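Written below as structure tokens is the structure these notes are about.
The values are calculated or read from the model by the stated rules, or taken from the named source; none is laboratory data. Everything quoted here is computed from the prediction, not taken from an experiment. Counting neighbours? That spans all protein chains shown, and the Cβs are built from the backbone with ideal geometry, glycine included.
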Amino acid sequence: MQSWIPIRKTDAERAAANLSHYPWVQHDFSWEHARERLRGLPDGGLNIGYEAVDRHLDTERRDKTALRCVDRSGVVRELTYADLGRDTSRFANLLDRLGVHVGERVFLLLPRGPELYVAALGTLRYGAALSPLFPAFGPEPIRERIELGDGMVLVTTPELYEARVAPVRDRLPGLRHVLVTGDATPPAGTTSLQAGLAAESDRFTVRPTDPGDIALLHFTSGTTGRPKGAVHVHEAVVAHHTSALYALDLHPDDVFWCTADPGWVTGTSYGIIAPLTHGLTLVVDAGEFSARRWFQTLERERVTVWYTAPTAIRMLMRHGTSLARQYDLSALRFVASVGEPLNPEAVYWGREALGHPIHDTWWQTETGAIMISNFAGLDIRPGSMGLPLPGVQVALLERGDNGRARVTGDTVETIDRPGVVGELALRPGWPSMFRGYLHDPDRYAGCFAGGWYLSGDLASRDEDGYVWFVGRADDVIKSAGHLIGPFEVESTLMEHPAVAEAGVIGRPDPVAGEIVKAFVTLRPGVAESDDVRLDLLGFARKRLGAVAPKEIVFDAHLPHTRSGKVMRRLLKARELGLPEGDLSTLESAH
Ligand code: ATP
Ligand code: MG
């Protein structure tokens, strides 16, 4: 078992946290009740864009800074809520003039700057469906997603258009309009966004929107295979808003920085929607990751709440605590992480280096919002994902031979005993639940059994209900009768001072079924050698016993998805000499 020491909240921290502000959460939470925190459209209905923008416009927040966008070279552009109201109105009116219908898909292929946020919120206010794409995608992943999503409009830059879209433009006959940013003459076949916006009125009234109308089309990270297009609806905003309150402790006075690109669901749910519904100031940094740059952004922007990912944290950890201590991080009061298991080491590092332990949160593109977390008022159990959020009901399901929940007819068995591993399942009914994989109803139907949504992840629970991640069902290793979660092995390896990151897979073995093989990235300054390898093997054996890796190889560049996840399936395919599968979301090695 993982070794961990709980991080207890002080009374002051507890008092400052939301649970004490909203005592009804613990007693009589209901989604109807949660919805009352939002305004709703004047004539009924619910629209994400309205909750993020319009409802601040008749309040004192109107002239407050909504967005501070720092571009690659450090230039800052700011928009107030009133600016957002005007600019997104222009964008919505432009969609109207282009003949876009409610629910039709508007794709964005834009770097993180004001244009991206204006187009995203303008699309939502208009009632079209938003699909942001990661701007580093190549032509084929872009084409595939626009085709699968029946994209009607694409907003991009002239440079991205020429390099990524022009080569596949003639294979996208359904794409009717390509709008490009900037004031230069637009490339052939595109029109100028700026000229289009200039011709439109800066007033737009959000039309009645059914809470069940499509709002977002988000593609999954492609960690386990070809990305799926998850459909979300406007009422998701109820979960975006409340989960940000409980799990991220967001308040109107906060300066919030979410490091994810809106091309991944985190960058939309918590990089655009949730923070703006709280009326706070959102920081956007379009620069590449560098430890110094990120610490500088935290310092200069006086960020109070920071939401990032384990892979970034691990890169910061390579500098120990000394680099962080060169910056004034005194404004920071809450740090959270998502996307991959957060090693206990990282939680403790946060406490030392940033002054705050890191709060893990678990969710998926499909869930639309955070479902499980070490949320604000709770003691943190490092290595655990935390407890289900109010309104979220979780179960662990007994597994069958294929490692996933065993479904007999339409029934499944839930596990009540602590410490037993099962497939993590959620009771449908939370507002941000996906409503389909676009054009793949069978796959969607296959996600449900016995009244549960099956996540594809394996976990266990302790006596107090904290959920402990074991691995994706696809990644779990069966070795000599043991069921081994890669996370536990990776976390243990990371406790060794020489290790920066680790990826663990099962390699087929005639005797054991599979043996545990680890790919390890060493910290800067540590040379690869047999001594280090032997030391690591011994270190892991002492701590993990029978489930320790039998084989360790060094790998300076573990394959990651662009959303920052270790692609274990690729390590495995390479190991077995099998086809590498869909690589559209692979982060190219630097
Ligand atoms: P695909 O579904 O295309 O294979 P993906 O599952 O990586 O890609 P996302 O929806 O971006 O796509 O990621 C959700 C998954 O990320 C979860 O199912 C889980 O495996 C992992 N994950 C997210 N948060 C955590 C966390 N806090 N701890 C452990 N794993 C996490
Ligand atoms: Mg997934």
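Figures for the structure shown
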quantity: Any hit, region 207-217, residues being within 16 Å of ligand 1 (Cβ to nearest atom) and either surrounded by fewer than 16 Cβ atoms within 10 Å (Cβ to Cβ) or closer than 30 Å to Arg55 by Cα (or both); calculated: yes
quantity: Failed item, numbered, when Pro186 is tested on (1) more than 29 Å from the chain's Cα centre (by Cα); (2) loosely packed, with under 15 Cβ neighbours inside 10 Å; calculated: (2)
quantity: Yes/no for Arg86 being basic (Lys, Arg) and either on the phi > 0 side of the Ramachandran plot or in a helix (DSSP H, G or I) (or both); calculated: yes
quantity: Cross-chain or 6+ apart pairs with Cβ under 7 Å, region 205-223 first and free of Cβ contacts under 8 Å to residues at least 60 places away in the same chain, then within 16 Å of ligand 1 (Cβ to nearest atom) and of a type in the set (D, E, K, R); calculated: none
quantity: Every residue from region 237-281 that is without any contact (Cβ under 8 Å) to a residue 60 or more places away in the chain, surrounded by fewer than 24 Cβ atoms within 10 Å (Cβ to Cβ) and in contact with a Gly (Cβ under 7 Å, 6 or more places away or on another chain); calculated: none
quantity: Checklist (1) within 15 Å of ligand 1 (Cβ to nearest atom); (2) of a type in the set (Lys, Arg); (3) farther than 23 Å from Ser221 by Cα applied to Arg472, failing item; calculated: (3)
quantity: Members of region 132-170 that are surrounded by fewer than 18 Cβ atoms within 10 Å (Cβ to Cβ), at pLDDT below 95 and outside any helix (DSSP H, G or I); calculated: Ala136, Gly138
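Conditions (1) of a type in the set (Phe, Trp, Tyr); (2) out of contact with any strand residue (DSSP E or B) (no Cβ under 9 Å at 6 or more places or on another chain); (3) more than 14 Å from ligand 1 (Cβ to nearest atom); (4) in a loop (DSSP other than H, G, I, E, B), marked per residue:
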{"position": "Trp349", "(1), (2), (3), (4)": "yes, no, yes, no"}
{"position": "Asp360", "(1), (2), (3), (4)": "no, no, no, no"}
{"position": "Ile370", "(1), (2), (3), (4)": "no, no, no, yes"}
{"position": "Gly377", "(1), (2), (3), (4)": "no, yes, yes, yes"}
{"position": "Ser384", "(1), (2), (3), (4)": "no, no, no, yes"}
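This table checks each residue for (1) buried (at least 22 other Cβ atoms within 10 Å of the Cβ); (2) on the phi > 0 side of the Ramachandran plot; (3) of a type in the set (Phe, Trp, Tyr); (4) within 16 Å of ligand 2 (Cβ to nearest atom).
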residue: Gly456; (1), (2), (3), (4): no, yes, no, yes
residue: Ser460; (1), (2), (3), (4): no, no, no, no
residue: Glu463; (1), (2), (3), (4): no, no, no, no
residue: Leu493; (1), (2), (3), (4): yes, no, no, no
residue: Pro497; (1), (2), (3), (4): no, no, no, no
residue: Gly506; (1), (2), (3), (4): no, no, no, no
residue: Ala512; (1), (2), (3), (4): no, no, no, no
residue: Val526; (1), (2), (3), (4): no, no, no, no
